[in-house]
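Student: The structure is given below, and queries will be raised subsequently.
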Amino acid sequence: MEMNKTDITDILYASLGISPQVLAYGERITEGLKDRFHQIDCTAEYNQLKVIKAMQEARVSEACLLGTTGYGYNDLGRDTLEEVYAKIFHTEDALVRPQITCGTHALALALMSNLRPGDELLSPVGKPYDTLEEVIGIRPSRGSLAEYGVTYRQVDLLPDGTFDYENIRKALNERTRLVTIQRSKGYQTRPTLSVEKIGELISFIKGIKPDIICMVDNCYGEFVEKTEPSDVGADMVVGSLIKNPGGGLAPTGGYIAGRKECIENAACRLTSPGLAKEVGASLGILSSFYQGLFLAPTVTAGALKGAIFAANCYERLGFAVIPDGKETRHDIIQAVTLGSPEGVIAFCKGIQAAAPVDSFVTPEPWDMPGYDSQVIMAAGAFVSGSSIELSADGPIKPPYAVYFQGGLTWFHAKYGIMKSIQQLLDDRVISPDRLKIV
Ligand SMILES: *Cc1c(COP(=O)(O)O)cnc(C)c1O
């Protein structure tokens, strides 16, 4: 018999450790996701055009891809890239810099530069991302906002995940200067907020206090929808370049896009009062920022398909998944509750074994600083710590859930998830008959 294309792909899967049963299971699941994948592609197409249009309008040229040294005065590439970000997010201005070291730094910068002693910060969506606890001073920390006399208030979401409008109204006072809204659920179990929902919240808040600054922690949310929080009233959107908008190519960096005054405040804090956006050498890094941004819509689409594929695979294997297999998506994070330490470890081993880098190492649980239990992490990334690349981590404690995200391509994500299922089988965490449920 002559081999057709499918056969040689199957053989390659087999040589990469995927059994015919797991492959068939994965293909059945994929088959059922055609319509949703089409929707994701439509969003990616729109966002791809949005990025190209912004680059054309800002007249990105070959010279923009070069870098400056020293003070970085008149850095054409840096200034043009910031214009491109502002056009994509439909904001007056943006700050996009390799000197912003990560997402937490970008968020801290946006907060610390726009709040003054005596001001109050409000989170109307519950507890913010772990690393922000020390920025705000929820956990006492050197240099926190609390040390500078900025107070903090929090209104939790209602049990059904909706906004507690009544208590948000009560929490707003004459000192409330800035509201921080986290789009992604991060590592919590609450739902991720859609751009539409964020818009409703911002309208409500501005209806009560129009001059309040609404900041959105946009981490993991960029390009998942056709609109961004800045399209529905956010004064600042903030994120990391080693997540969605860096497209896997940016090796470091963060961004803030928003109102001119907010960005000016942030620039004065990042560099220095008086110098603001005028300094900051881009060295040779800008071509990766531009090219990564160009790829970001399709890279995000691949990661999103991977998350939905995983949700459906694991849901049908009988595990609890958040979001579930059918829910609409507003970020790229997927949680799977494996229910046992062995399950978490096997899952992570599978993801690691599917990586293009460090596929031969075995991840093991370890006592990570800042955590109250052991944590296991799987990542075989080109950019260290990059979570737009396929990665997973899970604390070794009940309910034994793993959080996984990323995948620079859908095919890598698909392979990685099938590899994790294979590992669960090989380690006897699940029995082969579980694959027959479909
Ligand atoms: C990743 C993330 C952060 C922090 O970003 P780092 O780059 O890890 O510092 C903040 N908020 C959310 C929702 C995130 O997902």
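Student: May I ask for the net charge around Val344, where only other residues with Cβ less than 13 Å from the Cβ of Val344 are counted and Lys, Arg are +1 while Asp, Glu are -1?
Tutor: The answer is -2.
Student: Find me the longest stretch of the chain that has none of the exposed GluC sites (Glu not before Pro), where exposed means in a DSSP loop (not H, G, I, E or B) with at most 13 other Cβ atoms within 10 Å.
Tutor: In the chain, the maximal stretch lacking such sites is 3-173.
Student: Please work out how much length the chain gains when fully extended from Asp433 to Cys268, using 0.36 nm per residue of separation minus the C-alpha to C-alpha distance, in nm with one decimal. Show your work: numbers first, answer last.
Tutor: Details: separation 165, 0.36 × 165 = 59.40 nm, distance 6.10 nm.
Contour length minus the Cα-Cα distance gives 53.3 nm.
Student: Here is the link list: Lys243/Lys414; Lys127/Lys170; Lys53/Lys226; Lys53/Lys197; Lys127/Lys260. Which ones come out longer than 21 Å on Cα distance?
Tutor: Going by Cα-Cα distance, Lys53/Lys197; Lys127/Lys260 fall outside the 21 Å limit.
Student: OK, next. With runs of 4+ DSSP H residues as the only contributors, calculate the mean residue ellipticity of the chain at 222 nm using -39,500 (n - 2.57) per run, divided by the residue total and rounded to the nearest 500.
Tutor: Calculated mean residue ellipticity at 222 nm is -12500 deg cm²/dmol.
Student: In nm, what is the difference between 0.36 nm times the number of residues separating Ile396 and Gln56 and their Cα-Cα distance?
Tutor: Taking 0.36 nm per residue and subtracting the Cα distance, the gain is 117.6 nm.
Student: Return the distance in nm (one decimal) between the two label points of a simple spin-label model at Leu49 and Met368, each offset 7 Å from Cα along Cα→Cβ.
Tutor: The answer from the label model is 4.0 nm.
Student: Whole-Hz ³J(HN,Hα) for each residue in segment 251-263, computed from phi via Karplus 6.51 cos²θ - 1.76 cosθ + 1.60 with θ = phi - 60°, x for glycine and proline: what do you get?
Tutor: These are the phi-based 3J(HN,Hα) values: x, 5, x, x, 9, 9, 10, x, 5, 3, 5, 5, 5 Hz.
Student: Follow-up question, since we're still on this one. Taking loop as defined by DSSP and a crowding limit of 13 other beta carbons within 10 Å, which trypsin sites (Lys or Arg not before Pro) in segment 24-102 fit?
Tutor: Arg59
Student: Of all the accessible heavy-atom surface of the chain, with the other protein chains kept in place and a 1.4 Å probe, what percent is carbon and sulfur?
Tutor: 55 percent
Student: If you take every residue apart from Ala54 with its C-beta less than 13 Å away from the C-beta of Ala54, what net charge results, scoring Lys and Arg +1 and Asp and Glu -1?
Tutor: Within the 13 Å Cβ shell, the charges total 0.
Student: Sequence-distant or interchain residues sharing an amide H contact under 5 Å with Leu157, placed H: which?
Tutor: Here the answer is Gly126, since their amide H atoms fall under 5 Å of that of Leu157.
Student: Still on this structure, I have one more. Could you give each residue of segment 82-88 its phi-based ³J(HN,Hα) in whole Hz, using Karplus coefficients 6.51, -1.76, 1.60 with θ = phi - 60°, and x for Gly or Pro?
Tutor: Listing the rounded values in order: 5, 5, 4, 4, 4, 5, 5 Hz.
Student: Which distance in nm do the two modelled labels at Val357 and Glu342 give, with both placed 7 Å along the Cα-to-Cβ direction?
Tutor: Taking the simple label geometry, Val357 and Glu342 are separated by 3.3 nm.
Student: So which chymotrypsin sites (Phe, Trp or Tyr not before Pro) in segment 331-369 end up in coil per DSSP with only 11 or fewer other C-beta atoms within 10 Å? Can you show the working numbers first?
Tutor: Numbers: sites: Phe347, Phe360, Trp366; in loops: Phe360.
Passing both the DSSP loop test and the Cβ count: Phe360.
Student: Can you give the convex hull volume per residue for the Cα atoms of segment 120-275, as a whole number of Å³?
Tutor: 132 Å³
Student: Which whole-number percentage describes the relative contact order of segment 81-172, with Cα contacts under 8 Å and a sequence gap of 6 or more?
Tutor: Taking the mean separation of contacting Cα pairs over the length of segment 81-172, I get 24 percent.
Student: Just read off the accessible area of Met377 with the full protein assembly in place, 1.4 Å probe, to the nearest 10 Å².
Tutor: About 80 Å², rounded to the nearest 10.
Student: Same structure again: Rounded to the nearest 0.05, what FRET efficiency is calculated for Phe411 and Ala320 with R0 set to 25 Å and r the Cβ-Cβ distance?
Tutor: 0.40
Student: Show which aspartates and glutamates lie in cross-link reach of Lys349 when reach means a straight Cα distance below 13 angstrom and same-chain residues fewer than eight apart are skipped.
Tutor: Straight-distance partners of Lys349: Asp358, Glu364, Asp393, Asp426, Asp427.
Student: Hey, another quick one. Please state the relative contact order of segment 269-377 as a whole percent: Cα pairs under 8 Å, 6+ residues apart?
Tutor: Result for segment 269-377 is 13 percent.
Student: Can I ask one more? Using only the Cα atoms of the chain, what are the Rg and Dmax in Å?
Tutor: Cα-based Rg and Dmax for the chain come out at 22.2, 78 Å.
Student: Further, regarding this structure: Return a whole-number percent for the relative contact order of the chain, with Cα pairs under 8 Å and 6 or more residues apart as the contact set. List each step's numbers first, then the result.
Tutor: Numbers: 906 pairs, mean separation 76.2, N = 438.
Taking the mean separation of contacting Cα pairs over the length of the chain, I get 17 percent.
Student: Of the trypsin sites (Lys or Arg not before Pro) in segment 113-195, which ones lie in a loop per DSSP and count no more than 12 other C-beta atoms within 10 Å?
Tutor: Here the trypsin sites (Lys or Arg not before Pro) that fit, given the DSSP loop and packing criteria, are Arg142.
Student: Could you give me the ³J(HN,Hα) list for segment 296-302, computed from phi with Karplus coefficients 6.51, -1.76, 1.60 and θ = phi - 60°, whole Hz, x at Gly and Pro?
Tutor: 3, x, 7, 5, 4, 4, x
The values are calculated or read from the model by the stated rules, or taken from the named source; none is laboratory data. These numbers come from a predicted model, not from an experiment. Glycine gets a Cβ as well: all are built from the backbone with ideal geometry, and neighbour counts include every protein chain shown. All accessible areas refer to the heavy atoms of the entire protein, side chains included, with ligands and DNA or RNA removed. Shrake-Rupley method; radii C 1.70, N 1.55, O 1.52, S 1.80 Å.
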